[in-house]
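Undergrad: Structure incoming, see below.
The values are calculated or read from the model by the stated rules, or taken from the named source; none is laboratory data. Not measured: the values here are computed from a predicted model. A quick note on method: Cβ atoms are made from the backbone with ideal geometry, for glycine too, and the neighbour counts reach across all protein chains shown. These area figures cover heavy atoms from the full protein model, side chains too; ligands, DNA and RNA do not enter into them. Shrake-Rupley method; radii C 1.70, N 1.55, O 1.52, S 1.80 Å.
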Amino acid sequence: MTSTIDPVTTAGLLTREVRDSSRDGVPTKVAVARRTYAAERTDLWDALTSADRLPRWFLPVSGNLAVGGRYQLEGNAGGVVERCAAPDDFAVTWEFGDNVSWLTVSLTPADGGTTLELVHESPVDPDFAAQYGPGAVGVGWDLALVGLGLHLATGSDNDAAEFQEWTLSPVGVEFVRLASAGWAEAAIASGEDADQARAAGERTLAFYTTQPES
């Protein structure tokens, strides 16, 4: 399935926005990703929230997916379901190790399909932000939303090993380069220094496309 991905076209399907915010007086950075899929809103909602369907394109999930319940994505984040209003939006905490951030996903009807808006708000770690910028979070979601698009388009299960291999291939690296650059430009548009934002984007590119040690 990954052989059908054109990096330029696919990277261009996503619009990226970065903004500053705060929670309880603590500065936060907000990364916003939007993409329109040629899918009915109810089908897209099911792909995002069904414990049976999430592993087909993302990760296995366990726990209680009702409001107030705790969920856990296999090998990744867990957290609390804070809101779930089908088929409009849901909000969860995104807890990985000692780090807690907040994720909101909204679905709205669009011409020819449904627009997904993903908002990930994270406390600002100055050193980490200077090193990687918003692309550290953003590129991960870029890749996940590519996987979602493949699943929706084909109705098939994604092969995790194949997708990881694609990410490290020349085509996948080009996609990540474009995504990293897109997040850097979004950071610049939010007021960040251009040279620093683009340098952080290059480091994000290296992070996502370096072959892990066996």
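Undergrad: Is there a residue in the stretch 7-18 that is touching a helix residue (DSSP H, G or I) at 6+ places or on another chain (Cβ under 8 Å), at pLDDT 95 or above and polar (S, T, N, Q)?
TA: The answer is yes; a qualifying residue exists.
Undergrad: Same structure again: Among (1) in a loop (DSSP other than H, G, I, E, B); (2) open to solvent by 40 Å² or more (accessible area, probe 1.4 Å), where does P87 come up short?
TA: The single condition P87 does not satisfy is (2).
Undergrad: From the list R23, R35, R56, R70, which one is in contact with a Phe, Trp or Tyr (Cβ under 8 Å, 6 or more places away or on another chain) and of a type outside the set (G, A, S)?
TA: R23
Undergrad: Same structure again: Which number in (1) farther than 29 Å from G12 by Cα; (2) in contact with a His (Cβ under 9 Å, 6 or more places away or on another chain) marks the one condition that V137 misses?
TA: The number of the failed condition is (1).
Undergrad: Within the stretch 185-206, count every residue that is outside any loop (DSSP other than H, G, I, E, B) and among the acidic types (D, E).
TA: The qualifying residues number 3.
Undergrad: Can you find even one residue in the stretch 177-194 that is at pLDDT below 95, of a type in the set (G, A, S) and farther than 22 Å from L145 by Cβ?
TA: The answer is no, given that none of the residues of the stretch 177-194 is at pLDDT below 95, of a type in the set (G, A, S) and farther than 22 Å from L145 by Cβ.
Undergrad: Restricting to the stretch 176-195, what's the tally of residues that are open to solvent by 50 Å² or more (accessible area, probe 1.4 Å), over 15 Å from A33 (Cα atoms) and not small (G, A, S)?
TA: Here the count works out to 4.
Undergrad: Moving to a separate point now. For the stretch 20-67, give me the residue count where each residue is among the hydroxyl-bearing types (S, T, Y), closer than 25 Å to W183 by Cβ and open to solvent by less than 30 Å² (accessible area, probe 1.4 Å).
TA: 2
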